[in-house]
Amino acid sequence: MPAPDTKAQPNIQDVFLNYVRREKLTISIRMMDGSELEGRIKNFDRFALILDQGGVDHLIFKHAVAAIKTPKSVSNYFSHQ
């Protein structure tokens, strides 16, 4: 019996966040309460992300994020792994 395929499918959230972090793109984050934040992602983990907003760091819990918008279309970020 062949061994099961252990190569995990890339997590689209991690790939997207890594891309905008590496490229230092300024993003807009819409929160669940409707407010918006703009800045650059410095780091992230499973539960939160650090947003640099004009030199001030914000710890944002992912469960409070409704959407993240980039300034331009990012159609090929899967190829940059």
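Throughout, read-outs are computed from the coordinates displayed, never taken from laboratory work. The model shown is predicted, which means the values in this text are computed figures rather than measured ones. As a convention, Cβ positions derive from the backbone with ideal geometry for all residues, glycine included, and neighbour counts pool all protein chains shown.
For Leu17, neighbours were defined as the other residues whose beta-carbon sits under 14 Å from its Cβ, and their charges (Lys and Arg +1, Asp and Glu -1) total +4.
Amide H contacts of Asn43 (H built 1.01 Å from N, in plane; Pro and chain starts excluded): Ile50 sit under 5 Å, all sequence-distant by 5 or more or on other chains.
In order along the stretch 34-49, the Karplus-derived 3J(HN,Hα) couplings, from 6.51 cos²θ - 1.76 cosθ + 1.60 at θ = phi - 60°, round to x, 6, 10, 10, 10, x, 10, 6, 8, 6, 7, 9, 4, 10, 8, 9 Hz, and Gly and Pro are given as x. For the stretch 23-29, 3J(HN,Hα) computed residue by residue from phi via the Karplus equation (6.51, -1.76, 1.60; θ = phi - 60°) reads 7, 6, 6, 7, 10, 10, 10 Hz, glycine and proline entered as x.
Find out how many positive minus negative residues lie around Arg40, taking Lys and Arg as positive, Asp and Glu as negative, among other residues whose Cβ is under 10 Å from that of Arg40. Charge balance in the 10 Å sphere: 0.
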